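Below is one structure; the comments refer to it alone.
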Amino acid sequence: LAICYAKTGNQEMAQDMLTQLETTDCPAERLARAVKWFDAPVVAAHWGGVDDAAEVIRCLPHADIMNIDTSFGYGTNIRQFAMDLIEHFGPEHVLFGSDAPWHPPVWELRLFETLPLSGDVRDMIFCQNALRLLGIAGPED
C-alpha cells in the first residue's frame with residue numbers, strides 16, 4: 001500500500017489499485033489500468049490473460065516494465081496466439097512458466113516444441129530473461 005500511496009498521493013486510490021490486483025482473476029484491461037502506476041517490472045501470468053491473446057495485445061503495452069510468463073498455455077493457447085504474444089511483447093519480455101503444480105512443466109514445453117523459434121529466442125524465454133529480471137549473473141558472466 002505504501003508504494004501505491006507514494007505513487008498516487010491518495011490512500012483511497014492506492015487501496016483501490018491494490019484491490020484490483022489482489023483478485024485471482026486480473027484481466028488484461030484491469031492490469032493495464034494498474035500497471036501505469038508502476039515503474040518496477042511487472043510479470044503478467046498465463047500469457048497475460050488466459051485464452052485471450054487479442055485482448056492482451058489490445059490492452060497491455062509493449063513497454064520495458066511489462067513481461068508475460070507462459071504458464072497455463074498448454075491446451076489453452078493455440079500456436080498462433082503464442083507467436084502473436086511473443087511478437088507483441090518481444091521475446092526479451094517473455095518468461096517460461098509452467099503453472100506447476102497444476103500443469104507439469106513438460107506440458108508447457110510441448111507447446112514450445114511446436115513454435116518456430118530460434119535457439120537464441122528459446123534461451124531468452126527459458127533462462128536469460130529470468131536471470132536479467134532477477135538481477136542474477138548468467139553462466140558466462
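Observations, loosely collected:
- Scanning region 88-111 for residues that are in contact (Cβ under 8 Å) with a residue 12 or more places away in the chain, surrounded by fewer than 17 Cβ atoms within 10 Å (Cβ to Cβ) and part of a helix (DSSP H, G or I) yields E92, W107, R110.
- Residue match in region 41-57 (condition: closer than 19 Å to E113 by Cα, free of Cβ contacts under 8 Å to residues at least 60 places away in the same chain and either open to solvent by 70 Å² or more (accessible area, probe 1.4 Å) or not β-branched (V, I, T) (or both)): yes
- Restricting attention to region 58-82, the residues that are buried (at least 20 other Cβ atoms within 10 Å of the Cβ), among the aliphatic types (A, V, I, L, M) and over 11 Å from the mean Cα position of the chain (by Cα) add up to 1.
- Residue within region 116-136 that is at pLDDT 90 or above, β-branched (V, I, T) and farther than 27 Å from E29 by Cβ present: yes
- Between L117, L85, the distinction of being part of a loop (DSSP other than H, G, I, E, B), crowded, with 16+ Cβ neighbours inside 10 Å and of a type in the set (A, V, I, L, M, F, W, C) belongs to L117 only.
- Checked against (1) at pLDDT below 85; (2) closer than 16 Å to I125 by Cβ; (3) of a type in the set (A, V, I, L, M), V35 meets all criteria but (2).
- If you filter region 120-141 down to residues that are outside any loop (DSSP other than H, G, I, E, B) and among the acidic types (D, E), you find that the one that is surrounded by the fewest Cβ atoms within 10 Å (Cβ to Cβ) is D120.
The values are calculated or read from the model by the stated rules, or taken from the named source; none is laboratory data. Note that the structure is predicted; figures quoted are calculated from it, not measured. For neighbour counting, all protein chains shown are included, and Cβ atoms are generated from backbone atoms with ideal geometry for every residue, glycine included. Only protein heavy atoms, including side chains, enter the accessible area calculation; ligands, DNA and RNA are left aside. Shrake-Rupley method; radii C 1.70, N 1.55, O 1.52, S 1.80 Å.
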